[in-house]
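K.L.:
Handing you a structure now.
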Amino acid sequence: MTTREKVMRIRKRVMIHLGATEKTTKSSIYYRQLWPQDDGFTLQRVNGDLFLVGGNPRGTLIGVYRLLEMLGVVFLAPNFDYYDRKGGAEFIPHKQTIQLDGKNLGVHRPAFPLRPKDVGEGGSHKLESMLALVDWMPKAGHNVFRCPSKATDPHFTSWDKWRATLIPELRKRGLLLQVGQHGFQNYLGTRRYYRNHPEWFGLIGNRRVTAEEAVFCTTNQEALKVFISNMMDYLSAHPELDIFDLWPPDNVPWCACPNCRAVGSESERYARLLALARRAMQQSAPKTRLGASAYMQYTDLPEETIIPSDVLLDFCPILREYEHRINDVVSSLNRTQYWKKLMRWLEHWKGEIQIYEYFTKYRFRSYPIVMPHLIAEELALYKTSNVSGISSYSEPDSWLAYEISHRMISRCSWDGIVRVEEELMRWATARVGSTQAKKLVEVIETLEGSLRRLYSAKYGFHTVCLGGKVTNKKQVVKCLQDLSRAHHLLGEIVTNLEGGSKEWVTQSIRSLEFTMADIGVQLSWDNKGEKLKRALKKYHRALQPSIDLDGVLHTCIEYSRDDLMSHYDAVPLRSHW
């Protein structure tokens, strides 16, 4: 976007002026009063004309899309290929006249300065889906594109795979780029260094293990020197990065040698490494911001070492449950392990913190576990707690199943406080029309009320994929009854639709049928008789190759559909997705 004036005529009488121009200055549109970092914009009417001016070019672009939403457009999803057949990614109303409510005039500023969308592991992404995601982000008010730096697993993606094509698209929209995440092993790799320098790697028990099995020995000065040098080589080769995430390998122990243990906790050791990395970046990559994480065993605030305040921290409640809010006193897990620790960070550290949330986590097994009410409640809570943003996964393979969760994250990230029922009706009307919207809202509320509970400690489903066992079967049976009700409602909706809207609902029905079949198998597992056979038959039927599951079944991490078909035969009650 340039700063030259762009004008659109409506009925040859009203002119809409976009961006910082001579005309906006003469009309006393003081856009410079906005913070240029926060994407705010002002929308004003002067002498019959409409002026939309952002504090920066990205703010103007986002403002244009926000104006279109005010006029009735709904940006439902990125335009992934399957949306062409399933209801479309955008809703554009047909109106005889265009009216803008006067309450929309004034200054608009986002609730959170950072509004990222994370590629995640990216197993289902292709170049076309990456481009669709980038194009959609400013339409939904997002401003940070996140991607892993290097693939540590053949099923995952990496920034270099898409870099050449995505850089100009990101720059065109003024989007910030955040790259990195779990990757110490990328800068001190096993293949390159382990044979000649095993002492550089983590000591677990009585042996030095690989970089993928444990964090390297962070008190070995030679290892640190090589690690920082390789990290800086990566940054030199990638000057496009606005934020560089330097995270330890995912869920591995830290070196247990005497020198490392003498330093203190994992949080303390990580803080020292971050301080060292930041000093190196200030000299050779001063324009790139360092990103860190508070995750798993290092969610505690370090006791001695102060992490530099210009580091961006992701606080990651990876093992939380979703039946209750993150700060609910009823949930000792959420409140003790995460909320209290987050409050300590916010109270005692001067840096910026965003939440790395798992509202669409892989462990949900592609169940349509949507949670618009919880998302709205928690983002309003985070806004009042001075959190800077919420990050969430963006896999195409399951986007349709989580579409309303994605939209609620976007809306709350900009508005802070959202009237959930109004937003659900707006979304549902765009999806299936006004006559069927109430039923679709009832489906969403039924799914949230039943499926969220499955991943609390009371019912056991949060451990099923680790080999756990379903508990409280009566409540799980009640959940299945609720899902049957939602399935019935979707059946009523689909009979009154045609075209893309009908296909969207049909896909939602298939998602629910797979979910009910999968839960049914787990619920019947102890039976080992005819009940289990019937449950497995339903499960296999839901996964038949002839059934289109685009957008509602994520199979690209470790499992193809064929693998899922034999899943319970090969590894009962176990899964890594």
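The values are calculated or read from the model by the stated rules, or taken from the named source; none is laboratory data. These numbers were taken from a predicted model, which means no experiment stands behind them. Because the Cβ atoms are built from the backbone with ideal geometry, glycine has one as well, and the counts that use them run over all protein chains shown.
K.L.:
Take residue 507 and decide whether it is at pLDDT 90 or above and buried (at least 19 other Cβ atoms within 10 Å of the Cβ).
P.N.:
yes
K.L.:
Taking the stated definitions as given, is residue 59 at pLDDT 85 or above, of a type in the set (Gly, Ala, Ser) and either loosely packed, with under 14 Cβ neighbours inside 10 Å or in contact with a helix residue (DSSP H, G or I) (Cβ under 9 Å, 6 or more places away or on another chain) (or both)?
P.N.:
Yes: the conditions hold for residue 59.
K.L.:
Looking only at residues that are of a type in the set (Phe, Trp, Tyr) and assigned to a helix (DSSP H, G or I) in the range 64-117, which one is farthest from residue 50 (Cα to Cα)? Steps first, please.
P.N.:
Narrowing the range 64-117 to residues of a type in the set (Phe, Trp, Tyr): 65, 75, 80, 82-83, 91, 112.
Checking the rest, the ones that are also assigned to a helix (DSSP H, G or I) come to 65, 82-83.
Numbers: 65: 15, 82: 37, 83: 33 Å.
So the residue we want is 82.
K.L.:
All but one of (1) surrounded by fewer than 17 Cβ atoms within 10 Å (Cβ to Cβ); (2) within 23 Å of the chain's Cα centre (by Cα) hold for residue 314; which doesn't?
P.N.:
The number of the failed condition is (1).
K.L.:
Mind telling me which of the residues 393, 402 ends up being under 28 Å from residue 517 (Cα atoms) and touching an Asp or Glu at 6+ places or on another chain (Cβ under 7 Å)?
P.N.:
Of 393, 402, the one residue that is under 28 Å from residue 517 (Cα atoms) and touching an Asp or Glu at 6+ places or on another chain (Cβ under 7 Å) is 393.
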